[in-house]
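Here it is, the structure, as structure tokens.
The values are calculated or read from the model by the stated rules, or taken from the named source; none is laboratory data. Remember, it's a predicted structure, so these values are computed and weren't measured experimentally. Using ideal geometry, Cβ is built from the backbone for each residue, glycine included, and neighbour counts are taken over all protein chains shown.
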Amino acid sequence: MGQQHFRVKRFTTPQVVSVLQVASLSSAVPIDFRNAAGGFFEVDDQDTNMTTITWYTLSGAEGATRVAANTDAGVAITQTVANDKSYAIPAALYRTAYLIPINNNTGTIRVDLKS
């Protein structure tokens, strides 16, 4: 018998996410990343003032603190962004349950998570 090959079906889950400033971190709605295997986001074409996304995480435990996401070397995970462009969600974030994008200005991103 020949070797069987199975295709894994991958799906994307699109969502619109409000990006807030760090002063509003406690009211930011997290992106559920628990079942994701990566993803992309696009900065809305009207958000010309968004320049840097700083990623925060939330463990999902009740009452958990929202903390800045850092690399293994302790460096904050940030991305320089521009309107009407898309970016990969950094691979260093793939181990977190919830993601929170924070920016220097409020705005909107469109997120596609791969499951």
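Check every one of the strands (runs of 3 or more DSSP E) wholly within region 1-91 and list those with 3 or more residues that are modelled with pLDDT under 90.
Once the strands (runs of 3 or more DSSP E) in region 1-91 are filtered for at least 3 residues that are modelled with pLDDT under 90, what remains is 12-19.
Going by what's in this entry, would Val81 be described as of a type in the set (Val, Ile, Thr) and either more than 15 Å from the chain's Cα centre (by Cα) or closer than 21 Å to Asp112 by Cα (or both)?
Working: of a type in the set (Val, Ile, Thr): yes; either more than 15 Å from the chain's Cα centre (by Cα) or closer than 21 Å to Asp112 by Cα (or both): yes.
Judged against the criteria, Val81 is a match.
Can we say Asn105 is in contact (Cβ under 8 Å) with a residue 24 or more places away in the chain, part of a loop (DSSP other than H, G, I, E, B) and surrounded by 14 or more Cβ atoms within 10 Å (Cβ to Cβ)?
no
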